[in-house]
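Asker: I have a structure I would like to understand better, so I am pasting it below and will then ask my questions one at a time.
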Amino acid sequence: MKKEEKTNVMRVLDGKKIPYVSHSYEPDATMTGEEIAGILGETPEKVFKTLVTQGKSNAYYVFVIPVKEELDLKKAAKACGEKAVSMIKQKELLPLTGYVHGGCSPIGMKKQFPTFIHETATSFDKVYVSAGKVGFQIELTPQDLITVARISLADLIV
């Protein structure tokens, strides 16, 4: 485990007095979300990845889904009221959100975008999302995550 350092996500949560547990690990560029879940000692259903899309209207949307699942673009479009959405290009992620690929969190983006989490999140007492930096995850209650990132629940996976 790495020496603990504060990420922007942790600072946001601290500022809002939201309890969380931070986890860090040595990242590997080829690491999958399921491997990260294993490092955390959790099932992949509780570990969520953050995906950023753009709708036909050019608006941006954030989707948070379990790491082993695939975003259903039709369900995602329906959730946000767009005709269609598509994943943004990786090079657009940092300037748009302030986060790099593999370290994108639904908490503390440069701008608040409409954000949706897969509906299974609320069936767990704790979930994990990126802490805003590769190699860092935070564990918190789904309700706290939903509140702090102003997230809506939706059916989002294939």
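Derivation of every value follows stated rules applied to the coordinates shown; laboratory data play no part. Just so you know, these numbers come straight off a predicted model, no measurement behind them. We place every Cβ from the backbone using ideal geometry, glycine too, and count neighbours over all the protein chains shown.
Asker: Give me the tail of P(r) for segment 8-154 as a percent: Cα-Cα pairs with distance above 21 Å. List each step's numbers first, then the result.
Answerer: Numbers: 4109 of 10731 pairs.
Result for the distance tail: 38 percent.
Asker: Now for a different question. Give me the tail of P(r) for segment 1-70 as a percent: Cα-Cα pairs with distance above 19 Å.
Answerer: Of all Cα-Cα pairs in segment 1-70, 52 percent lie more than 19 Å apart.
Asker: Here is the link list: Lys83/Lys133; Lys17/Lys49; Lys83/Lys126; Lys56/Lys110. Which ones come out longer than 26 Å on Cα distance?
Answerer: With Cα atoms farther than 26 Å apart: Lys83/Lys133; Lys83/Lys126.
Asker: Counting only DSSP beta bridges with both residues in the chain, what percent are antiparallel, rounded to the nearest 5?
Answerer: 70 percent
Asker: Another question about this same structure. So which chymotrypsin sites (Phe, Trp or Tyr not before Pro) in segment 1-95 pass both tests, a DSSP loop state and at most 11 other Cβ atoms within 10 Å of the Cβ?
Answerer: none
Asker: Here's another thing I want to ask about it. Highest GNM mean-square fluctuation, the chain, Cα pairs closer than 10 Å: which of Pro27, Pro114, Pro66?
Answerer: Highest fluctuation among the options: Pro27.
Asker: Is it possible to state the helix-based mean residue ellipticity at 222 nm for the chain, with each DSSP H run of 4+ residues giving -39500 (n - 2.57), the sum divided by total residues, to the nearest 500 deg cm²/dmol? What is it?
Answerer: -6500 deg cm²/dmol
Asker: Now a separate question. Are there any trypsin sites (Lys or Arg not before Pro) in segment 90-155 that are in a DSSP loop and have at most 12 other Cβ atoms within 10 Å? List them by number.
Answerer: Details: sites: Lys91, Lys110, Lys111, Lys126, Lys133, Arg150; in loops: Lys110, Lys111, Lys126, Lys133, Arg150.
Filter output for segment 90-155: Lys110, Lys111, Arg150.
Asker: Pick from Ser105, Ser123, Ser24: which residue has the top mean-square fluctuation in a GNM of the chain where Cα pairs under 10 Å get a spring?
Answerer: Ser123
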